[in-house]
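What follows is one structure encoded as structure tokens, with my remarks underneath.
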Amino acid sequence: MVNEPIIQMRDVHKRFGQVHAVRGVSLDVFPAEVVVIIGPSGSGKSTLLRCINHLETPTSGKIIVDGIDATAKGADINALRAEIGIVFQLFNLFPHLTALGNVTLAQRVVRKRSKEEAEAIAMEQLTKVGIPEKAHVYPDQLSGGQQQRVAIARSLAMQPKIMMFDEPTSALDPEMIKEVLDVMLELANEGMTMVVVSHEMGFAKAAADRTIFLDEGVIVEDTTPEGLFTAPKHERTKLFLSKILH
Amino acid sequence: MAEPTVTTAELKGAKTRRISLADVPWWAVIIVVLGVYIGYAVLTSETYLKVISFVMEGVKLTLQTTLLAFILALVLGLLGGLGRVSKNPILYAMATLYVEVIRGLPMLVIILYMGFVIGPAIRDLTGGRFDPPMLQRAIIGLGFGYGAYLTEVYRAGIQSIHRGQMEAARSLGMTYFQAMRHVILPQAFRIILPPLVNNLSALLKDSSLISVIALSDLLQMGRLYVSRTFRAFEGYNTVALMYLVMTLALSLLGRVLERRMKVGE
């Protein structure tokens with residue numbers, strides 16, 4: 001199975017003033033691959049994700065997504081972003097719109113779909129994440145888990161080629177984590193290309209093709225979940241795992 | 001079984017009886033009582049009715065000027081606000097310059113300037129083909145002045161929306177302006193509604209300044225009445241009363257909007 005990577009990162013650096021958050025990351029992600037990134041807080045995981053869809057502009061290096069060099073001048077970042085869904089830790093739903101409004105807005109504005117078409121796709125996605133009955137409810141009346149599932153549906157409705165998750169369960173109460181992870185697992189099983197920043201080991205073991213340990217802005221280990229969790233090679237990985245595994 | 005039972009009706013009764021005197025909006029009570037008294041006194045007095053009918057034209061002009069100037073200010077404020085939050089240094093500089101210069105000038109000076117400096121300049125520059133009448137100059141002056149205040153209102157409103165909202169919208173492929181229009185501004189607008197109404201009320205009061213360039217607004221008509229009849233007491237009472245009726249109505253509108261928004265949240 002020889003195919004082109006859908007995400008190619010080459011020697012990507014990101015500095016925020018004095019802080020050097022990402023220090024020369026090179027990474028390939030292939031279609032249908034599920035990559036889970038773990039690492040201590042401040043290790044640059046989120047920044048790395050945000051570089052992929054250009055919420056952060058890399059200071060240097062090259063990022064090619066779906067054949068488009070987003071770091072080149074004049075690249076159509078908006079078109080590229082429509083192909084990369086991202087789910088945030090704090091959901092970031094639009095509070096002035098219902099769940100249905102959240103899922104249809106970008107379809108209509110960006111994809112230029114008709115109201116009927118956008119709503120049909122939105123209902124399909126809300127059904128997929130298990131809350132079609134909440135279509136006409138505003139975000140503040142939804143639980144955290146439900147909000148995050150609406151956020152996933154909102155991204156999926158754009159029919160992206162890649163889905164990224166930035167600590168999607170970190171802001172959730174424990175009893176709601178599973179409902180979100182289940183949706184993510186289902187996506188992974190369907191062959192979605194996924195890049196996930198998360199410390200949910202269960203998810204990594206069940207769904208990840210690769211698990212990456214990132215520390216101080218560099219990739220320390222890039223291996224299978226079993227390899228990383230049971231036989232880490234580097235001292236830094238061992239130290240980190242010993243902390244999160246209790 | 002002689003246990004005392006409490007019915008819900010009794011509970012409710014106990015609750016309503018417990019409203020303390022401090023909870024009563026005394027200011028509103030006083031306004032209503034005084035309003036009824038003064039309203040009755042004024043509407044049964046022939047002199048006051050005469051003054052009112054005399055200044056009524058002025059009320060119309062005041063309302064018209066206020067409304068048009070406010071619409072202009074809303075547009076300028078929106079553009080200014082977008083400039084103030086823009087990453088484009090030129091737009092930012094232009095908006096900031098506008099706010100700082102205009103806010104540094106008294107409204108009276110702006111109106112005189114529009115009336116006697118900018119207005120004639122426009123006429124001369126266009127060779128007399130475009131000669132805005134005094135009323136238009138006054139409206140533009142007021143609108144420009146309040147546009148600077150509203151710029152800061154819009155800016156504060158836009159900046160009060162969490163950064164994640166813009167990020168989520170942009171991540172879905174929306175352009176900056178699509179995100180502003182569909183995600184940020186609708187939320188910001190709800191937040192700035194009360195200050196917008198406050199500014200409308202302030203603009204209504206400041207519209208009295210246009211009387212200095214000889215426009216027949218409410219104040220000017222009142223002064224005219226006084227100079228003709230020497231009835232300063234009735235004349236200025238009427239003027240004050242008319243302004244108060246209009247600003248109180250706006251203040252009421254502001255409260256209703258604010259309450260609605262709290263319910264909507």
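Highest first, please rank the peptides A:57-66, B:137-146, B:115-124 by the mean number of other Cβ atoms sitting within 10 Å of their residues.
On the way: A:57-66: 18.1, B:137-146: 25.1, B:115-124: 14.6.
Descending packing order for the listed peptides: B:137-146, A:57-66, B:115-124.
Considering every Cα-Cα pair within chain A, what fraction, in whole percent, is farther apart than 30 Å? Walk me through the numbers before you get to the answer.
Details: 7781 of 30135 pairs.
More than 30 Å apart: 26 percent of the Cα pairs in chain A.
Order these by the 10 Å Cβ neighbour count, fewest first: A:Leu80, B:Leu91. Intermediate results must be reported in sequence, preceding the final value.
Working: A:Leu80 19, B:Leu91 16.
Sorted ascending by nearby Cβ count, the order is B:Leu91, A:Leu80.
DSSP beta bridges in the protein assembly as shown, what fraction antiparallel, as a percent rounded to 5?
Numbers: 20 of 37 bridges.
Counting only bridges with both partners in the protein assembly as shown, antiparallel ones make up about 55 percent.
Report the charge-dipole magnitude of segment B:54-263 in Debye, nearest 20, computed about the Cα centre from +1 at each Lys and Arg Cβ and -1 at each Asp and Glu Cβ.
Details: 20 positive and 10 negative charges, 105 e Å.
It works out to roughly 500 debye.
What is the magnitude of the charge dipole of chain A about its Cα centre, with +1 placed on the Cβ of each Lys and Arg, -1 on the Cβ of each Asp and Glu, and no other charges, expressed in debye to the nearest 20? Don't skip to the end; give the middle numbers.
Numbers: 26 positive and 31 negative charges, 129 e Å.
So the magnitude is around 620 debye.
Given B:Val42, B:Thr151, B:Ser207, which one lies farthest toward the positive end of the charge dipole of the protein assembly as shown, if we put +1 on the Cβ of every Lys and Arg and -1 on the Cβ of every Asp and Glu?
B:Val42
Find the Cα radius of gyration of segment A:1-106, compare it with 2.2 N^0.38 Å by division, and give the number to two decimals. Can you show the working numbers first?
On the way: Rg = 15.2 Å, N = 106, 2.2 N^0.38 = 12.9 Å.
Output field value: 1.18.
Mind pulling up the Rg/Rh value for segment A:37-96? Radius of gyration and Kirkwood radius, both on Cα. Kindly include the intermediate steps, with their values, before the conclusion.
Values: Rg = 13.0 Å, Rh = 13.0 Å.
Value, to two decimals: 1.00.
Along the charge dipole of segment B:54-263, pointing to its positive end and built from +1/-1 on Cβ of Lys, Arg, Asp and Glu, which listed residue (B:Ile139, B:Leu91, B:Leu63) has its Cα farthest out?
The residue sitting farthest along the positive end of the dipole is B:Leu91.
Cα extents of segment B:129-174 along the three principal axes, largest first, in whole Å?
50, 23, 8
Mind putting together the pair-distance distribution for segment B:205-265? All Cα pairs, 5 Å bins, whole percent per bin, short to long.
4, 17, 19, 18, 13, 8, 8, 6, 5, 2, 1
Would you mind telling me which residue in A:Ala208, A:Ala118, A:Ala72 has the biggest mean-square fluctuation in a Gaussian network model of chain A, where springs connect alpha carbons within a distance under 10 angstrom?
Taking springs between Cα atoms under 10 Å, the residue moving most is A:Ala72.
Based on Cα positions only, what radius of gyration and what Dmax would you give for segment B:53-167, in angstroms?
16.8, 57
So, how do all the Cα-to-Cα distances of segment B:54-263 break down into 5 Å bins, in percent, from 0 on up?
1, 7, 13, 15, 16, 15, 12, 9, 6, 4, 2, 1, 0, 0
Need the C-alpha centroid separation for segment A:58-95 versus segment B:181-236, integer Å.
A separation of 49 Å, based on Cα centres.
Just to be sure I understand the curve: with the Debye formula and one point per C-alpha of the protein assembly as shown, what is log10 I(q)/I(0) at q = 0.06, 0.08, 0.11 Å⁻¹?
-0.47, -0.72, -1.00
According to the square roots a ≥ b ≥ c of the eigenvalues of the Cα gyration tensor, what is the shape class of segment A:192-246, taking rounded for a/c under 1.5, prolate for a/b larger than b/c otherwise, and oblate for the remainder? Please report the intermediate quantities before stating the final value.
Working: a/c = 1.66, a/b = 1.35, b/c = 1.23.
It comes out prolate by the Cα gyration axes.
Assign unit charges at the C-beta atoms only (+1 for Lys and Arg, -1 for Asp and Glu), then state the dipole size of segment A:1-123 relative to its Cα centre in Debye, rounded to the nearest 20. Spell out each step's value before the answer.
Details: 14 positive and 12 negative charges, 92 e Å.
About 440 debye.
Picking from B:Pro195, B:Pro25, B:Pro89, which is most flexible by a Gaussian network model of chain B using Cα springs under 10 Å?
B:Pro25
Summarise the partner chain shielding of A:53-63 as one whole number: the mean count of Cβ atoms from other chains within 10 Å of each residue's Cβ.
Numbers: counts 4, 2, 5, 0, 0, 0, 0, 0, 0, 0, 0.
The mean count of partner-chain Cβ atoms within 10 Å per residue comes to 1.
Under 5 Å between amide H atoms, partner at least 5 residues away or on a different chain: which partners does A:Val87 have, H built in plane at 1.01 Å?
A:Met164, A:Phe165, A:Asp166
With unit charges on the beta carbon (Lys/Arg positive, Asp/Glu negative), name the residue among B:Leu196, B:Tyr113, A:Pro225 whose Cα is farthest towards the positive pole of the charge dipole of the protein assembly as shown.
Of the listed residues, the answer is B:Tyr113.
What is the fewest-to-most order of A:Glu179, A:Glu216 by other Cβ atoms lying within 10 Å of their Cβ? The partial results should precede the final answer.
Numbers: A:Glu179 19, A:Glu216 15.
The most exposed by this proxy come first: A:Glu216, A:Glu179.
Kindly provide log₁₀ I(q)/I(0) values, in the same order as q = 0.23, 0.25 Å⁻¹, from the Debye equation applied to equal alpha-carbon scatterers of segment A:62-156.
Summing over Cα pairs of segment A:62-156 leads to -1.09, -1.22.
The numbers here are math on the coordinates, done by the rules we state, and not lab data. These numbers come from a predicted model, not from an experiment. Neighbour counts are summed over all protein chains in view; Cβ atoms, including those assigned to glycine, are modelled from backbone coordinates with ideal geometry.
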